[in-house]
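Undergrad: This is the structure I have questions about; it appears just below.
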Amino acid sequence: MIGDNSDPVDFLGADPLAIAELLEDLAADLRGLAAGSPPSPGRLLEAPHLRRWGFAPRSALCLAGTAYGHPRIVDGRECVTSELFAIARDRSWARTLSRYYQLGPPKVFGLDE
């Protein structure tokens, strides 16, 4: 069963299939926008209306650590990953929005400083 503690993957309390569907919808919308197709009037008519809106930061669970073998980060540099979506219960790997990571020993706070 998804989310069961016997499952080797921890989805951090989220339904992975529902998240996958949302991300697939987002990807399709982004492809359409990139191709020059704005949302249809009907689609916008169905969309919620947001008033008195502004931009706001939002926290997302990520991993921070020393990167090795990353396509854009020099080996040995500290980094913060994109949003974390899944992690092996044995903490051997993680899946973020952008990629998988192999996980080595975790930071031991107070000892690694």
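The values are calculated or read from the model by the stated rules, or taken from the named source; none is laboratory data. Bear in mind that the values here come from a model prediction, so they are computed numbers and not experimental data. Because the Cβ atoms are built from the backbone with ideal geometry, glycine has one as well, and the counts that use them run over all protein chains shown.
Undergrad: Of everything in the stretch 79-113, what is at pLDDT 95 or above, surrounded by 15 or more Cβ atoms within 10 Å (Cβ to Cβ) and of a type in the set (Phe, Trp, Tyr)? Give them in sequence order.
TA: 101
Undergrad: Looking at (1) touching a Leu at 6+ places or on another chain (Cβ under 7 Å); (2) outside any loop (DSSP other than H, G, I, E, B), can you tell me which one residue 61 breaks?
TA: (2)
Undergrad: Name the single residue that is modelled with the lowest pLDDT among those in the stretch 1-29 being among the small types (Gly, Ala, Ser), surrounded by 10 or more Cβ atoms within 10 Å (Cβ to Cβ) and assigned to a loop (DSSP other than H, G, I, E, B).
TA: Within the stretch 1-29, the match that is modelled with the lowest pLDDT is 3.
Undergrad: Then there's this: Any idea which of (1) touching a residue at least 40 places away in the same chain (Cβ under 8 Å); (2) under 13 Å from the mean Cα position of the chain (by Cα) is the one residue 65 doesn't satisfy?
TA: Residue 65 satisfies every listed condition except (2).
Undergrad: From the list 47, 56, 35, pick out the single residue that is loosely packed, with under 12 Cβ neighbours inside 10 Å and at pLDDT 95 or above.
TA: It is 35.
Undergrad: Filter the stretch 30-58 for residues that are assigned to a helix (DSSP H, G or I) and among the small types (Gly, Ala, Ser) and give the result.
TA: Step one: of the stretch 30-58, the residues assigned to a helix (DSSP H, G or I) are 30-34, 41-46.
32, 34, 42, listed by residue number.
Undergrad: Still on this structure, please answer the following. Could you check residue 90 against (1) more than 18 Å from the chain's Cα centre (by Cα); (2) part of a strand (DSSP E or B); (3) within 24 Å of residue 20 (Cβ to Cβ) and say which number it fails?
TA: Only one criterion is unmet by residue 90, namely (2).
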